[in-house]
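Below is one structure; the comments refer to it alone.
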Amino acid sequence: MLASLESAAVIGIEASPVHIEVDLCFGLPRFQLVGLADTSVKESRDRVHAAIRNSGFDFPQHRIVINMAPADVRKAGASFDLPIALGVLAASGIVLTRDIRDIVIVGELSLDGTIHTARGILPIAVASRQQGAAALLLPAGNAVEASVVNGLRLLPVRTLAEAVGLLNQAREAWPEPPRPDARPMPASGDGLDLADLRGQAFARRALEVAAAGGHNLLMIGPPGAGKTMLARRLPGILPPLEFEEALEATAIHSVAGLIPPGCGLLADRPFRAPHHTISDAALVGGGSQPRPGEVSLAHHGVLFLDEMPEFDRRVLDSLRQPVEEGCITVSRAARSVAFPARFMLVAAMNPCPCGYAGSSTRACRCTPPQIDRYRARISGPLRDRLDLIVEVEPVPVGALASGTQGEASSAVRRRVLEARERQARRQPLLNARLPARGLQKACALDTRGRELLDRSAERLSLSARAYHRVLRVARTIADLEGTARIVEAHLAEALQYRFVEQA
């Protein structure tokens, strides 16, 4: 008595097919799992046994062998409970069809037979459609998440008994479930507007330039100057996610189990702000079964590091690869997994440990060696990867007391969208991602501009990477003004975002 089913395992953010075979034979009752299953999968024998009995079915008193292929891929997680239980019932004749290899089945069982939601349903749905599966049998709580994948029949079920009844029906009699209305995931920046800020014209301009070109930004200023307020309003001036971007970003959140019930695709760009006590594995991803970290959860969005020097030096240096390449590779003994991590890095820091170095209103208590050690916590290679470095000055009391509002996010967003449209007509990449070989064409300079850049690069001791980043920022400033060529004024503004680095 042999039954065959299909399921899937999520490796990284991609789903890999898993073929499950269940064999029942005479002998002493035994439940054996083979196929490189980890502890969470091996524990399914107890959940499956209780769920079958509590759903009103007889558990077969036979020797049960369950094979999960391919045998060289480690299977982890509780989402194999449902296919294993249905395989046991199919092999014992309770489920009338023993060959169910054209339906992908996933779901976690409780002891009473209820089916819980599972992680990674979105990548599993995408893979099922690509493999030509007839349907996806999944927990009802994941139906909205999977509904964003068109061309795949969904069979949402709430209990094991409901799943058995569905499989025992003729396929022509299967009800066609209505496509649920997927509400977008709630945005982290709802209600935050740049109009709330008073003053800070220079910092606001830097924020606009960063948004228009996808540049990385570091803000330096005393406590209470508005650095965090500025950063949290950045998603409000970024363009909305395109469908493919939303699908990719939502898949990462699905694998991490961060999609609330009833929610579909991400509607707004992610904004992640991890605490400075975060570990390197939590930031870039890791674990025995690699999971996405904060850099991947910020994919197509913003990663904000408040009080950047307070982060561990090793944690900060682990950002070099994703900032430069837009992905992070997590290597373990069994396999290496690549997670996408194309984000805007926005960071904030004080000028010194007490926060008031250079302040005209409060005296700084730090010694020069203390200030040097504090600033040295951000390594030169990481600082070199920041496109814009700006000082955020305290807002005068008079500006705070006035009722004059700043420019609204909607107006800034319109300019950002126009600048990005100019970039899209010229090149397939944002200015911040332009390769060095593409700079000569996109960032051509006249004689005066070339002389200004060369003099400034020598005076500021700019590295080759910083030199190219100045060019990219100047290109974005020109796009915001709607000009085809970079002129001296654009370079001058781009260079002023490097002067703070020399302070």
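Ordering Arg498, Arg377 by how much accessible area each has at a 1.4 Å probe, largest first, what is the list?
Accessible-area ranking of Arg498, Arg377, largest first: Arg377, Arg498.
So for the pair Ser288, Arg465, with labels modelled 7 Å out along Cα→Cβ, what separation do we get in nm?
For Ser288 paired with Arg465, the spin-label model returns 3.5 nm.
Per residue, how large is the accessible surface of the chain? Use a 1.4 angstrom probe and give square angstrom.
44 Å²
Would you rank Glu307, Glu421 by solvent-accessible area, highest first, keeping every protein chain in place and using a 1.4 Å probe?
Glu421, Glu307
With only alpha-carbon pairs counted, each pair once and no self-pairs, how large is the Kirkwood hydrodynamic radius of region 322-481 in angstroms?
Result for region 322-481 stands at 19.6 Å.
Measure nothing but the geometry: give the 0 to 90° angle between the long axis through the Cα atoms of 121-130 and the longest principal axis through the Cα atoms of the chain, rounded to 10°.
Tilt relative to the chain: about 70 degrees.
I'd like the carbon and sulfur percentage of the solvent accessible area for the chain, probe radius 1.4 Å, heavy atoms only, ligands and nucleic acids excluded.
Answer for the chain is 51 percent, counting heavy atoms of protein chains only.
Each residue of region 229-243 in order: what ³J(HN,Hα) in whole Hz does its phi give by Karplus 6.51 cos²θ - 1.76 cosθ + 1.60, θ = phi - 60°, with x for Gly and Pro?
For region 229-243, the Karplus curve yields 4, 4, 4, 5, 9, 5, x, x, 10, 8, x, x, 5, 6, 4 Hz.
Could you compute how much accessible surface Met344 exposes when probed at 1.4 Å, giving the result in Å² to the nearest 10?
So the heavy atoms of Met344 present about 10 Å² to solvent.
Report the paramagnetic label zone for Gln169: residues of region 72-98 whose backbone N is under 18 Å from a point 7 Å from Cα along the Cα-to-Cβ axis.
95-97
What accessible area, in Å² to the nearest ten, does a 1.4 Å probe give for Thr114?
Only protein atoms counted, so the area is about 50 Å².
Mind listing which trypsin sites (Lys or Arg not before Pro) in region 1-49 are in a DSSP loop and have 10 or fewer other Cβ atoms within 10 Å?
Here no trypsin sites (Lys or Arg not before Pro) fit, given the DSSP loop and packing criteria.
Enumerate the calculated ³J(HN,Hα) couplings along region 85-93 in order (Karplus 6.51 cos²θ - 1.76 cosθ + 1.60, θ = phi - 60°), each rounded to whole Hz, writing x wherever the residue is Gly or Pro.
4, 5, x, 4, 5, 5, 5, 8, x
If the rule is a partner Cβ under 4.7 Å, which cysteines in the chain fail it?
Cys25, Cys263, Cys327, Cys354, Cys364, Cys443
Quick check: the distance between the Cα centres of region 84-162 and region 210-282, to the nearest angstrom?
Comparing the Cα centres of region 84-162 and region 210-282, I get a distance of 32 Å.
By its C-alpha gyration tensor, with a ≥ b ≥ c as the square roots of the eigenvalues, how is region 240-329 shaped: rounded for a/c under 1.5, else prolate for a/b larger than b/c, else oblate?
Note, shape of region 240-329 comes out prolate.
Largest first, please: the extent of the C-alpha atoms of region 215-286 along each principal axis, to the nearest Å.
Extents along the principal axes, in whole Å: 41, 30, 24.
How many percent of DSSP beta bridges within the chain run antiparallel, rounded to 5?
About 45 percent, rounded to the nearest 5.
Restricting to Cα atoms and excluding each atom paired with itself, what does the Kirkwood estimate give for region 394-471 in Å?
Taking the inverse mean of 1/r over all distinct Cα pairs, region 394-471 comes out at 15.9 Å.
Can you work out ³J(HN,Hα) from phi for every residue in region 375-389, in order, using Karplus 6.51 cos²θ - 1.76 cosθ + 1.60 and θ = phi - 60°, giving whole Hz and x for Gly and Pro?
5, 6, 5, 9, 5, x, x, 6, 4, 5, 8, 8, 6, 10, 10
Given 37 °C and 0.692 mPa s, how large is the Stokes-Einstein diffusion coefficient of region 1-89 in µm²/s, with Rh as the Kirkwood radius over Cα pairs?
D = 249 µm²/s.
Note down the accessible area of Glu391, probe 1.4 Å, to the nearest 10 Å².
100 Å²
I need the shape label for region 1-48. Rule: rounded when a/c is under 1.5, else prolate if a/b > b/c, else oblate, with a, b, c from the alpha carbon gyration tensor.
Oblate shape, in that a/c is at least 1.5 and b/c is the bigger or equal ratio.
Which three semi-axes in whole Å describe the equivalent ellipsoid of region 321-393, each the square root of 5 times a Cα gyration tensor eigenvalue, listed largest first?
In descending order, the three semi-axes are 35, 15, 9 Å.
According to a simple spin-label model (label point 7 Å from Cα along Cα-to-Cβ), what is the distance in nm between Ser379 and Glu488?
Spacing of the two 7 Å Cα→Cβ label points: 4.0 nm.
With a 1.4 Å probe and all protein chains in place, put Ser461, Ser254 in order of accessible area, largest first.
Ser461, Ser254
Taking H as built 1.01 Å from N, whose amide H comes closer than 5 Å to the amide H of Arg153, not counting residues under 5 places away?
Leu136
Pull up the cross-link candidates among the lysines for Lys42, meaning alpha carbon to alpha carbon under 23 Å and not fewer than 8 places away within one chain.
Counting by Cα, and skipping residues close in sequence, Lys42 has these lysines nearby: Lys75.
The values are calculated or read from the model by the stated rules, or taken from the named source; none is laboratory data. Bear in mind the structure is a predicted one, so any value in this text is a computation, not a measurement. Every residue, glycine as well, gets a Cβ built from its backbone with ideal geometry; the counts of neighbours run over all protein chains shown. The area values use the complete protein model at the heavy-atom level, side chains included, leaving out ligands, DNA and RNA. Shrake-Rupley method; radii C 1.70, N 1.55, O 1.52, S 1.80 Å.
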